[in-house]
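**Student:** The structure's right below; bear with me while I get my questions together.
The values are calculated or read from the model by the stated rules, or taken from the named source; none is laboratory data. Quick caveat, the model's predicted, so the values are computed rather than measured. Neighbour counts are summed over all protein chains in view; Cβ atoms, including those assigned to glycine, are modelled from backbone coordinates with ideal geometry.
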Amino acid sequence: MSMPRLQQHTQGLFGEPLAANGFALVDDAETWAYVLPTSDGSQLYVRIKVSLDPRDRPWSVGVRIGEGSLAYPEVDWNGLPLWVLVKARTGSIPNYSFGSEREIPAARAAAAADLFLHAGDFLRGDLTTFRSERAKLNQSREPYVVHRGQSHAAPQATSESLDLKRRYSVE
């Protein structure tokens, strides 16, 4: 599938319904990112990535929802993969992987259906379930650490990472 056709189909599945909820497409080099500014000056986002890199087998459609900046490292802490919400609601982890290019439409359609079914409250601005699941996920994560070369000193967590972990580990 050509990239323009892939982009057109992905924007049709995700972009039009997201636009109906106030989200707008922004330029993001690796993904399709849709953002919705919030009244407190922050933003909600939905990032969609279709992996076709031969080193990323099995290929997959990745959907991540979040609240805040799309910049690293905050983006690693302020959101969560869609499958986390789906699992919280259904008890099972969905599969958006595909083995060949002809399977891309089905994987994208499944991810889009799950986004609008299981993250509809998030898309409408109700962040209760999203924040609860994000807090659970981040509470179990370790902060990023810095290793100091050949030193025998223990690795140290970065202050920025500790701050992000604290901020996004509460509901």
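**Student:** Quick one: which residue in GLU160, GLU142, GLU101 is at pLDDT below 90, among the acidic types (Asp, Glu), out of contact with any helix residue (DSSP H, G or I) (no Cβ under 7 Å at 6 or more places or on another chain) and within 30 Å of SER39 (Cβ to Cβ)?
**Tutor:** One residue alone meets the criteria, GLU160.
**Student:** Let me ask another. TRP77: aromatic (Phe, Trp, Tyr), surrounded by 19 or more Cβ atoms within 10 Å (Cβ to Cβ) and within 26 Å of TYR144 (Cα to Cα), yes or no?
**Tutor:** yes
**Student:** Hey, could you check the range 1-59 for residues that are small (Gly, Ala, Ser), at pLDDT 85 or above and part of a helix (DSSP H, G or I) and say which is surrounded by the fewest Cβ atoms within 10 Å (Cβ to Cβ)?
**Tutor:** ALA20
**Student:** Of the residues in the range 85-115, how many are among the aliphatic types (A, V, I, L, M), within 16 Å of the chain's Cα centre (by Cα) and loosely packed, with under 15 Cβ neighbours inside 10 Å?
**Tutor:** Result for the range 85-115: 2.
**Student:** Could you check the range 85-111 and list, in sequence order, the residues that are touching a strand residue (DSSP E or B) at 6+ places or on another chain (Cβ under 9 Å) and within 24 Å of PRO143 (Cβ to Cβ)?
**Tutor:** LEU85
**Student:** Return the residue satisfying two criteria in turn: it lies in the range 62-74 and is within 30 Å of GLU103 (Cα to Cα) and modelled with pLDDT of 90 or more, and of such residues it is nearest to the chain's Cα centre (by Cα).
**Tutor:** Filtering the range 62-74 for residues that are within 30 Å of GLU103 (Cα to Cα) and modelled with pLDDT of 90 or more, the one nearest to the chain's Cα centre (by Cα) comes out as ARG64.
**Student:** Restricting to the range 36-75, name every residue that is touching a Phe, Trp or Tyr at 6+ places or on another chain (Cβ under 8 Å) and polar (S, T, N, Q).
**Tutor:** SER51, SER60
**Student:** Here is a follow-up. When both residues are 6+ apart or on different chains and their Cβ atoms are under 9 Å apart, which pairs have a first residue that lies in the range 42-60 and is over 14 Å from SER100 (Cβ atoms) and in contact (Cβ under 8 Å) with a residue 12 or more places away in the chain, and a second that is among the basic types (Lys, Arg) and surrounded by 12 or more Cβ atoms within 10 Å (Cβ to Cβ)?
**Tutor:** What qualifies is TYR45/ARG64; VAL46/ARG64; ARG47/ARG64; ILE48/ARG64; ILE48/ARG108; LYS49/ARG64.
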